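The values are calculated or read from the model by the stated rules, or taken from the named source; none is laboratory data. Just so you know, these numbers come straight off a predicted model, no measurement behind them. When we count neighbours, we look across all protein chains shown, and the Cβ atoms used for this are built from the backbone with ideal geometry, even at glycine. The accessibility values were calculated without ligands, DNA or RNA, using every heavy atom of the protein model including side chains. Shrake-Rupley method; radii C 1.70, N 1.55, O 1.52, S 1.80 Å.
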Amino acid sequence: MFLPVNTTHRTETAPDFRDEEITSFVEIFFNKGRQFIHTMGSRLTPCYLFEPAVITDRAEKFKRAFQSHLPDTGFYYAMKSNNFPDVSGTILKSDFGLDVSSGVELELALELGATNIVFSGPGKTETELDMAVMNNDKVVVLMDSLTELKRLEERAARINKKIRTGVRLTTEPTGLWKKFGILPENLNKFIQAAKACPHIRFQGLQFHSSWNMAPEKQVKFIEKLGQILGALPERHRGMIRFIDIGGGYWPEQGEWILETQEMEKQRNGRGKAIRINPSTPIEHFAEEISQALFLHIHNQINCRIYFEPGRWISNDAMHIIIKVMDKKYDNLVITDAGINAVGWERFETDYFPVLNLSQPAMTEKDCLILGSLCTPHDVWGYRYWGEDIKEGDLLMIPTQGAYTYSLGQAFIKAVPPVLSFP
Ligand SMILES: *Cc1c(COP(=O)(O)O)cnc(C)c1O
């Protein structure tokens with residue numbers, strides 16, 4: 001699906017459905033931006049602006065969507081999607097636990113007072129496992145292999161503590177995703193081995209498939225899981241108290257991708273166009289996934305269903321505010337921050353509107369919005385929304401809460417500070 005954003009003729013052409021989607025997004029964030037400036041003034045730039053209320057709102061909405069279908073649920077925020085401590089601190093108050101993937105994340109979770117933590121990921125070190133075992137009242141270890149089972153038993157035996165565990169199942173047995181978990185056909189043997197470990201309390205299963213614009217992939221694996229459970233001996237099936245179905249829910253606005261030059265040429269287009277990969281509301285995910293769970297899992301066992309959303313929770317809770325330092329040409333400005341703030345060349349492929357908060361207008365104009373790093377790959381955008389653009393203007397790139405702050409790095413410039421609003 002292609003949306004040519006033809007700014008010069010915007011007012012003359014009837015906006016299509018996609019066009020409206022972006023326009024209303026821009027309108028919402030111009031309004032928010034005005035509040036930000038009003039409250040925080042010139043302290044704003046450059047910064048990450050964090051809205052705790054958005055986290056709370058998303059957390060409640062996510063819970064409600066699934067709890068309205070399922071009797072027994074547990075929710076864990078995937079800290080890696082945004083590891084700013086207040087994001088996790090805020091969601092803990094919404095009765096979420098935390099999903100951590102390393103010792104560093106586990107340490108932060110414990111510092112924040114989390115009492116309900118799942119610890120997943122391949123290749124956990126002895127030090128990481130020790131930290132989990134030491135906190136066995138708060139941590140469930142989602143084991144990644146037979147080797148890890150043996151290692152965890154050994155570490156737990158050293159201090160004579162028992163640890164609650166589950167095992168991750170591989171969802172894709174070929175390609176790079178096969179690095180995660182054990183093959184489903186080896187589950188029975190794995191449970192057998194876990195039972196032989198006196199310090200391991202085996203209680204559940206986990207899987208995770210990322211980047212879901214719709215629930216099909218999750219539904220398909222749940223169906224497969226039904227067959228796997230059916231093939232287990234009754235005594236093993238009965239040990240399963242939870243099934244953790246991971247994260248990977250894409251926000252409803254979908255994915256906005258910039259057309260490549262190649263695609264532009266083919267289309268004979270001028271300027272950059274946007275391709276939208278549409279996503280689905282979380283209620284739809286909830287409906288389809290819950291139905292699959294009733295059909296394939298709950299017909300065999302009663303267990304709690306765990307969720308590990310990351311991106312869906314954190315995406316809308318942070319925005320980036322930068323300032324124009326230099327207008328070098330009519331169509332090229334330099335800002336006070338670089339894309340080291342997001343840690344990758346995001347805006348060369350992803351489209352997010354750049355809003356000129358100092359001169360708001362509902363038109364988008366061509367202009368290279370570049371950062372101040374010593375690399376040409378330091379691009380915030382190819383256009384901006386506004387009347388005009390000049391030195392000193394404050395620009396906002398909305399909804400930068402997922403996989404940006406966590407990936408930000410001190411490269412030439414420091415990662416901008418986070419300011420909380422209100
Ligand atoms: C990354 C990850 C998540 C969160 O994924 P999102 O796409 O951000 O929802 C959840 N569980 C596991 C095991 C992960 O690795």
Just the residues that are surrounded by fewer than 17 Cβ atoms within 10 Å (Cβ to Cβ) and modelled with pLDDT under 90, please, taken from region 249-263.
260, 261, 262, 263
What number of residues within region 151-167 are of a type in the set (D, E, K, R) and touching a residue at least 40 places away in the same chain (Cβ under 8 Å)?
1
Condition check for residue 106: farther than 24 Å from residue 287 by Cα and of a type in the set (A, V, I, L, M, F, W, C):
yes
Any residue in region 152-159 that is more than 15 Å from the ligand (Cβ to nearest atom), open to solvent by 50 Å² or more (accessible area, probe 1.4 Å) and in a loop (DSSP other than H, G, I, E, B)?
yes
Taking the condition of being of a type in the set (A, V, I, L, M), farther than 25 Å from residue 275 by Cβ and in a loop (DSSP other than H, G, I, E, B), how many residues in region 332-360 meet it?
2
Give the number of residues within region 300-316 that are within 13 Å of the ligand (Cβ to nearest atom) and not acidic (Asp, Glu).
9
Single residue of 353, 376 found to be assigned by TED's automatic domain parsing to the domain that holds residue 20, in contact with a helix residue (DSSP H, G or I) (Cβ under 6 Å, 6 or more places away or on another chain) and of a type outside the set (A, V, I, L, M):
353
Name the strands (runs of 3 or more DSSP E) wholly within region 30-103 that hold at least 3 residues that are modelled with pLDDT of 95 or more, closer than 30 Å to residue 129 by Cα and within 19 Å of the chain's Cα centre (by Cα)?
73-78, 97-100
Of 93, 124, 80, the only residue that is in contact with a Ser or Thr (Cβ under 9 Å, 6 or more places away or on another chain), closer than 24 Å to residue 403 by Cα, in contact (Cβ under 8 Å) with a residue 60 or more places away in the chain and of a type in the set (Lys, Arg) is 80
For residue 384: the one exception among (1) within 30 Å of residue 249 (Cα to Cα); (2) touching a Leu at 6+ places or on another chain (Cβ under 8 Å); (3) assigned to a loop (DSSP other than H, G, I, E, B); (4) more than 16 Å from the ligand (Cβ to nearest atom)
(3)
Restricting region 172-192 to residues that are open to solvent by 30 Å² or more (accessible area, probe 1.4 Å) and touching a helix residue (DSSP H, G or I) at 6+ places or on another chain (Cβ under 9 Å), the residue that is nearest to the ligand (Cβ to nearest atom)
172
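Every residue in region 279-327 that is part of a loop (DSSP other than H, G, I, E, B) and either under 30 Å from residue 417 (Cβ atoms) or open to solvent by 30 Å² or more (accessible area, probe 1.4 Å) (or both), please.
Listed by number, the residues that qualify are 281, 298, 299, 300, 302, 308, 309, 310.
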Every residue in region 189-228 that is touching a His at 6+ places or on another chain (Cβ under 8 Å) and of a type in the set (A, V, I, L, M), please.
191, 214, 222, 225
